[in-house]
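Comments concern the structure below.
Nothing in this text is a laboratory measurement; each read-out follows from the coordinates by a stated rule. In this text, all values refer to a predicted model and were calculated from it rather than measured experimentally. Counting neighbours? That spans all protein chains shown, and the Cβs are built from the backbone with ideal geometry, glycine included.
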Amino acid sequence: MKQLMLGNEAVARGLYEAGCRFLSSYPGTPSTEISEAAAKYDEIYAEWAPNEKVAMEAAIGASIGGARSFCAMKHVGLNVAADPLFTVSYTGVNAGMVIAVADDPGMHSSQNEQDSRHHAIASKIPMLEPSDSAECLEFTKLAYDLSEKFDTPVLLRTATRVAHSQSLVQLNERVDKGLLPYEKNPAKYVMMPGNAIRRHPFVEERMEAAREWSETSGINRVELGEDRSVGYITSGVCYQYLREGAPDASILKIGMTNPLPVKLIRDFAAKVGKLIVVEELDPIIENHVRALGIKVDGGKDLFGLLGELSQNKILKALGKATPDAVDFGEAVPPRPPILCPGCPHRGIFYTLSKLGVFVSGDIGCYTLGALAPLNALDTTVCMGASISGLHGFNTARGPESAKKSVAVIGDSTFMHSGITGLVNIIYNEGESTVIILDNSITGMTGHQENPTTGKNLKGQPAPAISLEKLCEAVGVKNVRVCDPYAMAEMKAVIQEELEKSEPSVIISRRPCVLLPGVKTAPALKIDKEKCKSCRLCMTIGCPAISFIDKKAQIDGTLCVGCDLCVQMCSFGAIGGNEK
Amino acid sequence: MTDTKSIMIVGVGGQGTLLASRILGYVLMEAGFDVKMSEVHGMSQRGGSVVTYVKFGERVFSPIVDQGEADYILAFERLEAARALSCLKTDGTLIMNDRAISPMPVITGAMKYPDEIAEKLRGKGVDLIACDALAMAQESGNAKSVNVVLIGVLSALMDFSNDAWQRALVACVKPKFLELNKKAFALGREYAAANLKA
């Protein structure tokens with residue numbers, strides 16, 4: 001029977017059916033659910049690694065060790081893992097290895113809009129691109145066969161609308177070929193210059209062989225419609241948009257984005273009139289077609305380099321009609337994401353904002369501290385950059401700078417790549433203050449365990465790495481632990497540590513309020529008689545507090561009684577949840 | 001494809017739009033349709049606007065609902081109804097939980113929450129069903145059941161049997177909360193049935 005599955009769940013099912021035995025990943029929207037769903041299959045060993053580089057290296061080791069292996073990451077995670085990526089291309093595999101990378105056109109939950117197809121081309125690794133859940137499952141299985149056939153890892157590229165869309169899939173049985181033997185083969189697995197020089201020609205030959213395979217394998221599909229005046233070349237979810245908008249169009253649907261076919265494209269171009277390439281982000285297919293000397297009558301000039309496409313965007317770009325729509329006719333205030341009611345990060349950002357310090361930010365829920373009314377962050381670049389970036393900032397600006405600046409980083413992000421920045425501060429005698437926002441979980445991606453939480457991806461108990469001991473071990477003398485709900489105490493601790501002419505780590509510790517098992521207090525109420533309409537409680541940016549009829553009001557369905565607003569109010573107007 | 005039907009479920013992150021779409025998806029799949037649903041996870045779920053697209057028909061291609069394409073919009077909040085309006089077919093139906101949750105730009109005073117949204121929507125000729133899903137959810141015993149109340153309202157407008165919806169509830173809702181959600185669903189379904197007759 002067919003099942004409705006997320007693209008990510010379908011990839012996980014593909015792993016199961018393909019006999020995958022080893023998974024190591026780091027969470028990242030929109031890739032996270034692949035690993036969570038795969039972890040539910042007992043046959044697959046599944047783990048969260050501290051970062052994508054470690055995950056990929058573990059998967060390489062498992063492949064060499066004879067197990068079909070897998071790792072998943074978001075597009076920016078592939079940058080973290082780019083070092084092993086470019087060399088596993090040379091070593092190739094023993095058992096099949098598949099790397100899933102999920103792009104985020106439109107940046108629903110990302111800091112950039114990179115097109116990961118560039119990584120496939122640059123690293124000379126085949127890349128498959130499914131366009132719905134059924135293909136997610138099918139292509140995952142195919143990727144393992146290709147991996148072993150061509151002695152290469154295979155990249156599986158999804159995007160938000162494939163990863164997070166549900167569609168029907170047909171399930172099959174698992175086929176497990178068992179653990180393959182390991183045979184020592186330094187010429188293949190020890191990539192020192194003398195060996196790598198001999199592997200490089202193999203890599204080039206392999207990609208040509210993969211291209212030859214892709215010409216006729218059916219992974220790239222020609223659908224000639226009634227209308228052949230225009231032919232479209234497209235891939236991934238863009239195929240679905242195009243097919244919906246133009247049911248009779250002639251389409252070459254690319255399933256293998258790297259290497260791209262040559263003969264197939266030439267044949268298709270010869271059968272149609274004009275040729276239009278429909279792809280999101282960068283002109284990868286378009287440039288390939290142009291380089292073949294084939295005329296492209298429309299591509300990025302029509303569709304642009306930015307964001308997601310859709311059926312109507314494609315139709316409009318082609319000058320075709322789209323359905324009529326009703327407009328609301330006045331400005332609808334945007335609803336940006338916010339720190340949740342009771343979020344342990346809120347008080348810290350209020351305090352930092354009040355202190356007027358430079359805040360070097362990082363990637364996680366706490367990036368939302370950049371938004372009004374908290375406006376706390378000065379920078380956010382990538383995972384781990386809060387600490388290393390602050391060191392550079394303070395070194396550039398001199399000793400006084402360290403007394404007016406902090407880095408903020410979550411527990412999971414600290415384990416991912418914050419610790420190396422801290423090592424750099426100690427080693428190079430910096431004086432920066434780092435605040436680790438320890439909410440006992442990887443929050444933004446939807447609550448994944450990490451090396452500090454005491455549980456693993458399978459939900460079983462695991463050793464919990466102590467943040468304070470880790471920081472002390474690298475040489476931080478001032479390690480303080482504080483409860484972010486106690487605002488005055490936290491403020492005092494931050495001020496004390498900023499004053500010191502040596503590095504400090506403040507661990508702001510309180511679990512994410514959304515975690516199961518976290519007890520919250522009853523909702524607070526505002527005594528309208530006592531409320532002087534000073535709006536101070538509004539400055540913490542709690543979504544449960546609004547201002548109605550010139551008085552503050554608390555939404556009882558949102559409030560979790562964290563008491564932050566109680567600490568803000570000078571008139572004792574907030575309370576009502578005392579036990 | 002002309003036979004493809006499109007539904008949008010819009011709300012505020014944390015309101016339970018995903019469960020609503022899963023119940024709907026189950027009914028559609030069981031009825032033998034090709035189904036696609038698109039969700040947004042991650043950052044948007046933290047109190048921001050959230051949108052789920054549900055599409056069904058003989059063969060569905062695009063997983064998203066674009067401007068002027070939605071047969072039904074199920075809005076969990078007024079402002080989100082106004083935001084999603086441009087996606088409604090000119091003869092589509094908008095079901096709205098008649099309740100306001102202020103977004104941060106309104107809370108900080110940078111922008112004003114539009115007033116009389118229901119009246120304005122009707123003024124534009126929108127086929128609107130505005131209901132107090134929160135009151136019905138509270139009546140069912142849990143304020144968080146707004147999602148299932150609204151699915152109940154939608155169910156009355158669609159051609160699937162009550163049994164089919166009940167099976168979907170059993171499949172999608174945790175057993176611990178099943179009875180409560182069945183009650184919430186029934187309240188929404190009865191409300192719509194009464195409202196449609198009137």
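The table below lists the values:
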{"quantity": "Rounded if a/c under 1.5, otherwise prolate or oblate - the protein assembly as shown, Cα gyration tensor axes", "calculated": "oblate"}
{"quantity": "Estimated dipole of the protein assembly as shown in Debye, rounded to 20 [Cβ of Lys and Arg +1, of Asp and Glu -1, Cα centre]", "calculated": "760 debye"}
{"quantity": "Selection from B:Pro63, B:Val50, B:Gly152 lying farthest towards where the dipole of region B:5-197 points positive, charges on Cβ", "calculated": "B:Val50"}
{"quantity": "Whole-angstrom Cα spans of region B:59-140 along principal axes, big to small", "calculated": "44, 35, 27"}
{"quantity": "Selected from A:Ser533, A:Ile554, A:Ile574, residue furthest toward positive end of dipole (region A:525-575; charges at beta carbon)", "calculated": "A:Ser533"}
{"quantity": "CD proxy at 222 nm, helix term only [per DSSP H run n ≥ 4: -39500 (n - 2.57); per residue of the protein assembly as shown; nearest 500]", "calculated": "-10500 deg cm²/dmol"}
{"quantity": "Amide hydrogen neighbours beyond the local backbone of A:Leu128, cut-off 5 Å, H modeled", "calculated": "A:Leu155, A:Leu156, A:Arg157, A:Thr257"}
{"quantity": "GNM top mover of B:Asp163, B:Asp91, B:Asp34 - chain B, alpha-carbon springs below 10 Å", "calculated": "B:Asp163"}
{"quantity": "Mean shadow area of region B:144-194 over all directions, Cα convex hull, nm²", "calculated": "3.1 nm²"}
{"quantity": "Cα-based shape type of region A:36-80, given that a ≥ b ≥ c are square roots of the gyration tensor eigenvalues and the cut on a/c is 1.5", "calculated": "oblate"}
{"quantity": "Local electrostatic count at A:Arg198 - Lys and Arg +1, Asp and Glu -1, tallied over other residues with Cβ under 14 Å", "calculated": "0"}
{"quantity": "Which listed pairs, of A:Lys149/A:Lys177; B:Lys144/B:Lys182; A:Lys354/A:Lys403; A:Lys532/B:Lys112, have C-alpha distances above 18 Å, in listed order", "calculated": "A:Lys532/B:Lys112"}
{"quantity": "Of A:Lys500/A:Lys525; A:Lys74/A:Lys300; A:Lys525/B:Lys55; A:Lys40/B:Lys89, pairs whose Cα-Cα distance is over 31 Å", "calculated": "A:Lys500/A:Lys525; A:Lys525/B:Lys55; A:Lys40/B:Lys89"}
{"quantity": "Net charge of Cβ neighbours under 10 Å - reference A:Met490; Lys, Arg +1; Asp, Glu -1", "calculated": "0"}
{"quantity": "Mean projected area (nm²) of the alpha-carbon convex hull when region A:345-509 is viewed from all directions", "calculated": "8.8 nm²"}
{"quantity": "Region A:404-466 and region B:1-40: distance between their alpha carbon centers, rounded to Å", "calculated": "37 Å"}
{"quantity": "Pairwise centroid distance, computed over Cα atoms, of region B:124-198 with region A:277-311, Å", "calculated": "45 Å"}
{"quantity": "Size of charge dipole - chain B - debye, nearest 20, with Cβ of Lys, Arg +1 and Asp, Glu -1, no other charges", "calculated": "480 debye"}
{"quantity": "Cα lying deepest toward the dipole's positive end in chain B, options B:Ala192, B:Thr90, B:Ile23, charges on Cβ", "calculated": "B:Ile23"}
{"quantity": "Residue exposure sequence - A:Thr351, A:Thr257 - by fewest surrounding Cβ within 10 Å", "calculated": "A:Thr351, A:Thr257"}
{"quantity": "Cut-off 11 Å between beta-carbons: net charge of the residues surrounding A:Pro503, Lys and Arg +1, Asp and Glu -1", "calculated": "-2"}
{"quantity": "Descending semi-axes in Å of chain B, equivalent ellipsoid built from Cα gyration tensor", "calculated": "24, 20, 17"}
{"quantity": "Residue with peak Gaussian network fluctuation, chain B [Cα springs, cutoff 10 Å], from B:Lys174, B:Lys182, B:Lys89", "calculated": "B:Lys174"}
{"quantity": "Cα gyration tensor shape of region A:287-373, rounded if a/c is under 1.5, else prolate or oblate by comparing a/b with b/c", "calculated": "oblate"}
{"quantity": "Within straight-line cross-link reach of B:Lys124, aspartates and glutamates at Cα separation under 14 Å, skipping those fewer than 8 residues along the same chain", "calculated": "A:Asp324, A:Asp327, A:Glu330, B:Asp91, B:Glu116"}
{"quantity": "Region A:345-509 - charge dipole about Cα centre, Lys and Arg +1 at Cβ, Asp and Glu -1, debye rounded to 20", "calculated": "240 debye"}
{"quantity": "Kirkwood hydrodynamic radius of region A:134-184, from inverse mean 1/r over distinct Cα pairs, in Å", "calculated": "13.2 Å"}
